[in-house]
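A short worksheet on the structure shown next.
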Amino acid sequence: MTIDTEPDLSAFVINLLDEHLAAMLQVRERLRPAGRIGLGARRTIALDSISVAERYATELTRALSDD
């Protein structure tokens, strides 16, 4: 990676992290204790959080591998 590409990567990572945090906050809101959730829904939401994390890891890995 060159010095020229580092600012672009930094901006990409910040944007990707912002998207990831927003998605995780949505997951958190769906899991809040006061909410009414149907049978098996908590497990589904937990699995959704894994998908969100995998998406973040995949995109970041791809960006770092494109050097």
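Just a few scattered comments:
- Of the set (1) modelled with pLDDT under 95; (2) surrounded by 10 or more Cβ atoms within 10 Å (Cβ to Cβ), all apply to Ala53 but (1).
- Among residues of the stretch 24-53 that are free of Cβ contacts under 8 Å to residues at least 40 places away in the same chain, those with a beta-carbon under 7 Å from a residue that is among the charged types (D, E, K, R) at least six positions away or on a different chain give the pairs Val27/Asp48; Leu31/Arg42; Ile45/Arg30.
- Selection within the stretch 27-67 - in a loop (DSSP other than H, G, I, E, B) and over 30 Å from Glu6 (Cβ atoms): Arg32, Pro33, Ala34, Gly35, Arg36, Ile37, Gly38, Leu39, Gly40
- Screening Leu16 on (1) in a loop (DSSP other than H, G, I, E, B); (2) modelled with pLDDT of 95 or more shows it passes everything except condition (1).
The values are calculated or read from the model by the stated rules, or taken from the named source; none is laboratory data. In this text the structure is predicted, and so the values were computed from the model without any measurement. Cβ atoms come from the backbone with ideal geometry, glycine included; neighbour counts cover every protein chain shown.
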